[in-house]
Amino acid sequence: MIDACSSFSRFTAAITDRNDAVPFLRWVEEWRQAFGRGVVVGLLDTHFDKQISDLAGADLIARNFVDCENGIPPETTEHGTHSVATLVGQGLYQIRGIAPKARLLVAHVVGQEGIAKPQAVVEAIDWLISSGAQIVALPLGESVERAEIARQIEQGSEFGVVFFAAAGNSYPELLAFPARHPLAIAVGATDFLGNLLPECSRLPRLDIVAPGWKSAAPIRGRIIRRRRGSSVACVVAAGVAALALSAGAISPKELCRTSVLAVLRMDLERNKVRYS
């Protein structure tokens, strides 16, 4: 049985004595007991395998924003399946997710060619905002900045929605968009010792880094795969934020980018990130 939270204590222990300026994800063991209950999380991703055993009983709503739904190849759905199982796996068969009692709203925005069209992302974010999502994970990105997506992030932030976005895996290129939007929380990926993955984009800044290495979860049926990258780290960080919100470490009335980072950063004295 995979426990998606099991590695966090090891991660936190490994980075406690580090003397660098990377904004590591903070982990409090007591948050686990809240299970994400009462929190609404949004996810923009690929389609996912709805037949995964540990998704039975999850509070899960999915909506399609791509032209084709039935012709999606299985390898494309692996990304979304891994994300969904990591967040809300029920722990009955193969995986217990980070926040199994959270309500998860999944917006399918990636089509057959593995690309999320801007209009699909815009419509998906609008749906998540109107459906009450408090935390939104965007484990996707591109090099081009999209004004229409930026406006949706700005609108959502005005309503108290907090956006986590994958930094990208193209170092030394700049952060992907929307991670480089100033209102998004840019999430980088590390190994379990807190070392940034070599491919992780990191410039001009990372807001937080989380484990994104050898993360195991179902990808279809009973097949388990270990995935790596900033997309994994983005989902992990959003899941831990849901736990912190559910546990009362973050006030729902004061939910915003600043309050989330204040709670989730390992050491608030290390806000300035230095990279070479």
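Could you look through region 164-183, keep only residues that are within 29 Å of V40 (Cβ to Cβ) and free of Cβ contacts under 8 Å to residues at least 60 places away in the same chain, and pick out the one that is surrounded by the fewest Cβ atoms within 10 Å (Cβ to Cβ)?
So in region 164-183, the residues within 29 Å of V40 (Cβ to Cβ) come out as 164-169, 175-183.
Now narrow it down to the ones that are free of Cβ contacts under 8 Å to residues at least 60 places away in the same chain: 175-182.
Details: L175: 28, A176: 23, F177: 20, P178: 25, A179: 27, R180: 20, H181: 20, P182: 12.
Applying the filter and picking the extreme gives P182.
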Candidate set: region 117-141, residues that are touching a Pro at 6+ places or on another chain (Cβ under 9 Å) and not in a helix (DSSP H, G or I); chosen: the one nearest to V240 (Cα to Cα): Q134
Hits in region 203-261 - residues which are open to solvent by less than 10 Å² (accessible area, probe 1.4 Å), of a type in the set (A, V, I, L, M) and in contact with a Lys or Arg (Cβ under 7 Å, 6 or more places away or on another chain): I208, I219, L243
One residue from I219, I224, I250, I185 being under 13 Å from the mean Cα position of the chain (by Cα) and of a type in the set (V, I, T): I185
Filtered residues of region 40-97 (kept if open to solvent by 30 Å² or more (accessible area, probe 1.4 Å), in contact with a strand residue (DSSP E or B) (Cβ under 7 Å, 6 or more places away or on another chain) and in a helix (DSSP H, G or I)): P74, H79
Where a residue in region 11-26 is under 11 Å from M266 (Cα atoms) and without any contact (Cβ under 8 Å) to a residue 40 or more places away in the chain and its partner, wherever it lies, is among the basic types (K, R) and in a loop (DSSP other than H, G, I, E, B), with Cβ under 6 Å and at least six apart: none
Unmet criterion (only one of (1) under 15 Å from C256 (Cα atoms); (2) under 13 Å from the mean Cα position of the chain (by Cα); (3) not aliphatic (A, V, I, L, M)) for G141: (1)
Hits in region 1-28 (condition: under 18 Å from I185 (Cβ atoms), assigned to a strand (DSSP E or B) and not aromatic (F, W, Y)): L25
All positions within region 170-222 that are among the acidic types (D, E) and touching a Pro at 6+ places or on another chain (Cβ under 7 Å): D207
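The values are calculated or read from the model by the stated rules, or taken from the named source; none is laboratory data. Just so it is clear, the model here is predicted, and its values are computed rather than measured. Cβ coordinates were reconstructed from backbone atoms using ideal geometry, including for glycine residues, and neighbour counts include every protein chain displayed. SASA here: full protein model, heavy atoms, side chains in, ligands and nucleic acids out. Shrake-Rupley method; radii C 1.70, N 1.55, O 1.52, S 1.80 Å.
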